[in-house]
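Engineer: The following block contains the structure, expressed as structure tokens.
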Amino acid sequence: MYSYATTNMIISFDLGNESFGVIQGPKRVTHGYDINSSEVLHLFELEECLCLADCHPWNLLDLWMLKDLNNNSSWVLMKTVTPPSWYMMWTMPYSTRTGEVILATENNARSLYLYNFVTQQFDTVEVARLPSYFIVTDYVENLVSLKNL
């Protein structure tokens, strides 16, 4: 389990041995802006690696991947993604089983996009009867039964 701290540190908790750890975040890119104007939106998993999404003004989204959990200097900037339209604001990205990243927008467009790192292209995801307000979240299969909650 991972949680991002505002000091560019990631707190980890190993469920196997019930121990905490600290991972140094990446050396974030400023894109000409004050680094404090960017916001880490989300930590997620892609290709069995820890990833971090860093959103900057004008909706630039840096997607970072930590290639080796034992080496804090192995952060790689996979891609700086710009939205298909200038007025879009990103929400948290989530990875898919196919290695793509799903991105939603915060505006009234009610749009979902799949970003493919190989082709570096967006595909629009069409969802029938999408409500005016919705939340995109990830689902992780586990052994906890929801019946007993």
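The values are calculated or read from the model by the stated rules, or taken from the named source; none is laboratory data. None of these values were measured; they are calculated from a predicted model. We place every Cβ from the backbone using ideal geometry, glycine too, and count neighbours over all the protein chains shown.
Engineer: Looking only at the range 111-134, which residues are loosely packed, with under 12 Cβ neighbours inside 10 Å and charged (D, E, K, R)?
Structural biologist: Across the range 111-134, the qualifying residues are E126, R129.
Engineer: Based on what the data block shows, is N71 loosely packed, with under 13 Cβ neighbours inside 10 Å and either modelled with pLDDT under 80 or not β-branched (V, I, T) (or both)? It would help to see each step written out before you state the result.
Structural biologist: Numbers: loosely packed, with under 13 Cβ neighbours inside 10 Å: yes; either modelled with pLDDT under 80 or not β-branched (V, I, T) (or both): yes.
The answer is yes for N71.
Engineer: Please pick out the residue among T80, T91 that is at pLDDT below 70, surrounded by 13 or more Cβ atoms within 10 Å (Cβ to Cβ) and β-branched (V, I, T). Let's see the steps before the verdict.
Structural biologist: Working: T80 fails: at pLDDT below 70.
Going through T80, T91 in turn, the sole match is T91.
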